[in-house]
Amino acid sequence: MSPGTVVTVLELVGLSVFAASGALMAISKEFDVVGIVVLALLTALGGGVLRDVIIGATPPAAFSDVTYLLVPLSAAAVCFFAHPLAERLRFTMLVFDAAGLGLFAVTGTLKALGAGLGSVQAVLLGVTTAVGGGALRDIFARETPAVVQVHTDLYAIPAATGAVLVAAAHPTPLPLPVVAVTAAVLVFAFRLAAMTRHWKAPQAWHRKA
Amino acid sequence: MSPGTVVTVLELVGLSVFAASGALMAISKEFDVVGIVVLALLTALGGGVLRDVIIGATPPAAFSDVTYLLVPLSAAAVCFFAHPLAERLRFTMLVFDAAGLGLFAVTGTLKALGAGLGSVQAVLLGVTTAVGGGALRDIFARETPAVVQVHTDLYAIPAATGAVLVAAAHPTPLPLPVVAVTAAVLVFAFRLAAMTRHWKAPQAWHRKA
Amino acid sequence: MSPGTVVTVLELVGLSVFAASGALMAISKEFDVVGIVVLALLTALGGGVLRDVIIGATPPAAFSDVTYLLVPLSAAAVCFFAHPLAERLRFTMLVFDAAGLGLFAVTGTLKALGAGLGSVQAVLLGVTTAVGGGALRDIFARETPAVVQVHTDLYAIPAATGAVLVAAAHPTPLPLPVVAVTAAVLVFAFRLAAMTRHWKAPQAWHRKA
């Protein structure tokens, strides 16, 4: 497989896992099939759509290639029937989710830099790409977004670390593919470590958890 | 009346009814007059604005012709004073709402196809146009969106049926006005049948309602 | 200082105070540092980003000059450490917030008029600029948006008054800087009066508060 194909495959795996996390939340909330589809699409595509609408790249990537809709819809269909299996595979799914997190943080940052945005803005949009869909999923399902809760293992911070690395390396002569892969792997490893060791983000100074 | 005028009149009726459903929810939540106006506008215009922002047709239709703002604002004003009457007319309003659902599903799908989007994407945006405003209303008012709840009579699925019909007929030589009217009437009839017979969308496989 | 510098300084003060109100809500909700940053940025920048995405001015102003990100981030950092002090300065902050409200209502309306939108639309977007970020903050934090609650002192209505003044004066030969300053000061004074005298917006007719 060419490097481009590898990225595409990983992206579709990431979208599937994000979609499954939306579908499974809809199922746990006893939403109907419409809710399962809505939350699957919102979780998988919401972050990237927010990024593209903000940088003015409309219609967003998620609407230009039908694969980006069919893959999350397929994941929703699988969850509709096989949700008990998906629940049992929760840890496996979290591993794939960590891969998606790394990939979307990196590709989101690169897309924002490519649209001419500054480094800080690109980091913000890279993190939005990676964690925005999950936040929209939680808001739609009337949950406090997991990404801001103190009992959630680090999630946005690994994504931000990768985005900062990409934005910092962008003006240098370092080869972009190497930087991108390194940053994505770093996010993946950082998130896995945070999950297994239950690292948490701090709350405000002097406020106990 | 010319066919174009008929569509415009139906569209304004649909906007009024959507706006009224937002205003009445604000009143039932004991929001103040600001909340009544906000929820009326969000319900009436939210779906179309989401669609137009996604396809890049900015400013959205709702902001290009002031009628699209004045009609929902008038509906909000009527509800402000006459909400007990509006509550008694709930069934009548649901009938008009079903007409709006059909119309917005069809016009939303056509607008997305006209912007060059693919069929699947156009169906998704047609349904978003029809049900997006109501979902934003519910999120703003801290309700679980009615459109995904298992005890709600079918709502998004009739809209999706009409959108699929329009998108499927679009590449054929069938005359567009006939297709559009047929699809809108079908959505209307399907939604009315679902309301009177209390058809529900299924939940995930093996999960009882 | 030139008039342009005065506006810029006031804008940055407004952004800081809006950001602090987001950060303090995150702290009171026991969100982690990610939540503090997210709510600070959403509150400070959300209204302007909504306006710019709707009028098609992408990337939004908040993403074109890094100062618009660094100032709210700094305010979030100050709150992270000094939140007990910020809580004690609540009234002072509300005064600055009222200044931000006036300024953003006026600049938001002017920007929408400058993009060629009609008066009613520009008023709506001016108010959205001023109160949209706070509404997004509340939705993200699972609060009923304060702006629609009957026990909140008038907030959107002072903003709307200033926006209407600007939109009404825009086609006249009145000098724009005078109009803008008058409108912003009017919003500020109206909001301060509403705060100190606890003026409330009415609920629907015949419904007691």
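The values are calculated or read from the model by the stated rules, or taken from the named source; none is laboratory data. Values in this document were obtained by computation on a predicted structure and should not be read as measured data. Neighbour counts run over all protein chains shown; Cβ positions are idealised from the backbone, glycine included. Surface accessibility is based on the protein's heavy atoms, side chains included, excluding ligands, DNA and RNA. Shrake-Rupley method; radii C 1.70, N 1.55, O 1.52, S 1.80 Å.
Only one of B:Thr172, B:Thr161, B:Thr152 is free of Cβ contacts under 8 Å to residues at least 12 places away in the same chain, farther than 16 Å from B:Gly47 by Cβ and among the hydroxyl-bearing types (Ser, Thr, Tyr). Can you tell me which?
Details: B:Thr161 fails: free of Cβ contacts under 8 Å to residues at least 12 places away in the same chain; B:Thr152 fails: free of Cβ contacts under 8 Å to residues at least 12 places away in the same chain.
Criteria check complete, one pass: B:Thr172.
Does segment C:160-181 contain any residue that is within 22 Å of C:Met93 (Cα to Cα), assigned to a helix (DSSP H, G or I) and within 12 Å of chain B (Cβ to nearest Cβ)?
Yes, that holds for at least one residue.
Checking A:Lys29 against (1) modelled with pLDDT under 95; (2) over 22 Å from B:Val148 (Cβ atoms); (3) more than 12 Å from the chain's Cα centre (by Cα), only one condition comes out false. Which one?
Of the numbered conditions (1) modelled with pLDDT under 95; (2) over 22 Å from B:Val148 (Cβ atoms); (3) more than 12 Å from the chain's Cα centre (by Cα), the odd one out for A:Lys29 is (2).
Inside segment C:17-50, can you point out the residues that are touching a residue at least 60 places away in the same chain (Cβ under 8 Å), assigned to a helix (DSSP H, G or I) and open to solvent by 20 Å² or more (accessible area, probe 1.4 Å)?
Passing the criteria: C:Ser21, C:Met25, C:Val38, C:Leu42, C:Leu50.
With the checklist (1) within 11 Å of another protein chain (Cβ to nearest Cβ); (2) of a type in the set (Val, Ile, Thr); (3) assigned to a helix (DSSP H, G or I); (4) open to solvent by 10 Å² or more (accessible area, probe 1.4 Å) in hand, flag the one item A:Thr5 doesn't pass.
(1)
Could you grab the pairs with beta carbons closer than 8 Å, sequence gap of 6+ or different chains, first residue in segment A:130-141 and more than 8 Å from every other protein chain (Cβ to nearest Cβ), second one assigned to a helix (DSSP H, G or I) and of a type in the set (S, T, N, Q)?
So the pair list comes out as A:Gly133/A:Thr43; A:Gly134/A:Ser21; A:Gly134/A:Thr43; A:Leu136/A:Thr43; A:Arg137/A:Ser21; A:Arg137/A:Thr43.
Of everything in segment A:51-69, what is more than 7 Å from chain B (Cβ to nearest Cβ), part of a helix (DSSP H, G or I) and closer than 26 Å to C:Ala61 by Cβ? Give them in sequence order. Step through it out loud before you land on a result.
We begin by selecting, within segment A:51-69, every residue more than 7 Å from chain B (Cβ to nearest Cβ); these are A:51-52, A:54-57, A:61-62, A:64-65, A:67-68.
Subset that is part of a helix (DSSP H, G or I): A:51-52, A:54-55, A:61-62, A:64, A:67-68.
Within segment A:51-69, A:Arg51, A:Asp52, A:Ile54, A:Ile55, A:Ala61, A:Ala62 qualify.
Scan (1) under 25 Å from B:Leu10 (Cβ atoms); (2) surrounded by 23 or more Cβ atoms within 10 Å (Cβ to Cβ); (3) of a type outside the set (Val, Ile, Thr) for the single condition B:Phe140 breaks and write down its number.
Condition not satisfied by B:Phe140: (1).
Could you run through segment C:182-201 and say how many residues are open to solvent by less than 70 Å² (accessible area, probe 1.4 Å) and either within 14 Å of chain B (Cβ to nearest Cβ) or not small (Gly, Ala, Ser) (or both)? Spell out how you get there, then give the answer.
Taking segment C:182-201 first, the residues open to solvent by less than 70 Å² (accessible area, probe 1.4 Å) are C:183-184, C:187-195, C:201.
In the following step, the residues that additionally are either within 14 Å of chain B (Cβ to nearest Cβ) or not small (Gly, Ala, Ser) (or both) were identified as C:187-188, C:190-192, C:194-195, C:201.
Matching residues across segment C:182-201 total 8.
Does C:Val9 count as farther than 20 Å from C:Phe96 by Cα, hydrophobic (A, V, I, L, M, F, W, C), free of Cβ contacts under 8 Å to residues at least 12 places away in the same chain and out of contact with any Gly (no Cβ under 9 Å at 6 or more places or on another chain)? Lay out the reasoning, then the answer.
Numbers: farther than 20 Å from C:Phe96 by Cα: no; hydrophobic (A, V, I, L, M, F, W, C): yes; free of Cβ contacts under 8 Å to residues at least 12 places away in the same chain: yes; out of contact with any Gly (no Cβ under 9 Å at 6 or more places or on another chain): yes.
Against the criterion (farther than 20 Å from C:Phe96 by Cα, hydrophobic (A, V, I, L, M, F, W, C), free of Cβ contacts under 8 Å to residues at least 12 places away in the same chain and out of contact with any Gly (no Cβ under 9 Å at 6 or more places or on another chain)), C:Val9 does not qualify.
Looking at (1) farther than 19 Å from A:Ile55 by Cβ; (2) touching a Phe, Trp or Tyr at 6+ places or on another chain (Cβ under 8 Å), find the lone condition where C:Ala86 falls short.
Answer for C:Ala86: the failing condition is (2).
Which of the residues that make up segment C:53-65 are crowded, with 21+ Cβ neighbours inside 10 Å and within 19 Å of C:Ser119 (Cβ to Cβ)?
Scanning segment C:53-65 gives C:Ile54, C:Ile55.
Can you name the number of the only condition in (1) touching a residue at least 40 places away in the same chain (Cβ under 8 Å); (2) surrounded by fewer than 16 Cβ atoms within 10 Å (Cβ to Cβ) that B:His206 fails?
(1)
Can you name the residue in segment C:78-93 that is out of contact with any helix residue (DSSP H, G or I) (no Cβ under 6 Å at 6 or more places or on another chain) and more than 10 Å from chain A (Cβ to nearest Cβ) and, of all such residues, is surrounded by the most Cβ atoms within 10 Å (Cβ to Cβ)?
C:Val78
Take the residues in segment C:143-159 that are within 12 Å of the chain's Cα centre (by Cα) and facing chain B (nearest Cβ under 7 Å); name whichever of them is surrounded by the most Cβ atoms within 10 Å (Cβ to Cβ).
First, pick out the residues of segment C:143-159 that are within 12 Å of the chain's Cα centre (by Cα): C:147, C:155-156, C:158-159.
This time we only want the ones that are facing chain B (nearest Cβ under 7 Å), so: C:147, C:156.
On the way: C:Val147: 24, C:Ala156: 28.
Filtering first and then ranking leaves C:Ala156.
Which numbered condition in (1) closer than 18 Å to B:Ile36 by Cα; (2) in contact (Cβ under 8 Å) with a residue 12 or more places away in the chain is the only one that C:Thr144 fails?
Here C:Thr144 clears every test but (2).
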